[in-house]
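Report on the following structure.
Every number in this text was worked out from the coordinates using simple rules, so none of it is lab data. Just so it is clear, the model here is predicted, and its values are computed rather than measured. FYI the Cβ positions are ideal-geometry reconstructions off the backbone, even for glycines, and counts take in every protein chain you see.
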Amino acid sequence: MIKVLFVCLGNICRSPMAEAVFRNKVEKAGLNNRIVIDSAGTGDWHVGQPPHEGTRQKLDDNGISYQGMEGRQLTGSDLHDFDYIIAMDESNEENIKRLAERENKANIVRFMSLVGDQPTRNVPDPFFTGNFDEVYNLIEKGSDALLEKILLEEGGD
């Protein structure tokens, strides 16, 4: 079983959107019995809360479920439990790596580094920008690239 964790700052905008979009792609590829997907935030401000209204609206617009999702904070055990930890931006990546200074088995990757032709290095935070369309488009590209990476590295159809 391959385990993927998406991480942003508060776990209400970007990482839950990525979790839902990636889960949808994995299900459509018939791989939901091989890949487990979750999301978390580096901060604890939104623990227990549903995804942001803008995230929910964008997912609704695209027919993607977010049922049962609620914010949670990244923990030290996540670094052992997940194979891939996908950071939405440089700051998230630094915070994850700081937590991972101790023993860690996860492959920590900044999401946009997976997309070869992508000029932006980070998925901007729509909590501050309000641009959920841009974030959704970046997450779509990143999710396709991540699924391809996992299939190449882990072996798959």
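Descriptive notes on the structure:
- The lone exception for Glu154 - which of (1) exposed (fewer than 12 other Cβ atoms within 10 Å of the Cβ); (2) touching a strand residue (DSSP E or B) at 6+ places or on another chain (Cβ under 6 Å); (3) acidic (Asp, Glu) it fails: (1)
Quick grid of which residues meet (1) farther than 22 Å from Asp133 by Cβ; (2) surrounded by fewer than 16 Cβ atoms within 10 Å (Cβ to Cβ); (3) touching a Lys or Arg at 6+ places or on another chain (Cβ under 6 Å):
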position	(1), (2), (3)
Arg34	yes, yes, no
Ala40	yes, no, yes
Asp44	yes, yes, no
Gly54	no, no, no
Gln57	no, yes, no
Asn62	no, yes, no
Gly68	yes, yes, no
Arg72	yes, no, no
Ser77	yes, yes, no
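- Flag: Leu5 does not match the condition of being in a helix (DSSP H, G or I) and out of contact with any Cys (no Cβ under 9 Å at 6 or more places or on another chain).
- When the range 88-102 is filtered for residues that are touching a residue at least 24 places away in the same chain (Cβ under 8 Å) and in a loop (DSSP other than H, G, I, E, B), the ones remaining, listed by number, are Met88, Asp89, Arg102.
- Residues (in a helix (DSSP H, G or I) and more than 12 Å from the chain's Cα centre (by Cα)) located in the range 130-140: Phe132, Asp133, Glu134, Asn137
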